[in-house]
């Protein structure tokens, strides 16, 4: 048997599930009724689901030692990034503005990328890095999912 090539669920470990849920709802994301307030929140996306769970609960479930908070949370890059593709450079800038208004921290303003696209970055209130990008070589399907060549 092989491992299916799909991402069904992306889970972000957060310090406070209720606070993180409010942030993603402020972005206009639709919360699933399968969520358990304060324990786990599930959001519908055009692709896989996004879930928010306490970092402590994730480490306990996986049998890992508790994560120690870094001295500078803003510089705590975890080596993972999530991306949202949009249909134009102005849509990148608009999405970045909306994220900041909802409580995100702007990491890098929208700008031209060396590969011909346009992108910018923000972090959510728990420091998870998100990229908002327009890639003219990847058209979006009606659901907003990039169609790779």
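Bear in mind that the values in this text are calculations on the coordinates, not laboratory data. Small disclaimer: the values here were computed from a predicted structure and weren't measured. Here the Cβ positions follow ideal geometry from the backbone for every residue, glycine too, while neighbour counts run over all protein chains shown.
General observations
- Debye log10 I(q)/I(0) at q = 0.17 Å⁻¹ for the chain, Cα point scatterers: -1.09
- Here each label is just a point 7 Å from Cα along the line to Cβ, and for residue 8 and residue 109 those points are 4.3 nm apart.
- Cα long-axis angle, helix 89-102 against the chain (0 to 90 degrees, to the nearest 10): 30
- Estimated FRET transfer efficiency (residue 148, residue 33; beta-carbon r; R0 30 Å; 0.05): 0.40
- For the range 1-57, the equivalent ellipsoid derived from the Cα gyration tensor has semi-axes of 21, 14, 9 Å, listed largest first.
- Between the range 33-53 and the range 125-149, the Cα center-to-center distance that results, in Å: 20
- With helices as the sole contributors, the chain gives -6500 deg cm²/dmol at 222 nm; each DSSP H run of n ≥ 4 counts as -39500 (n - 2.57), and the sum is divided by every residue.
- By DSSP, the beta bridges lying fully in the chain are antiparallel in about 60 percent of cases.
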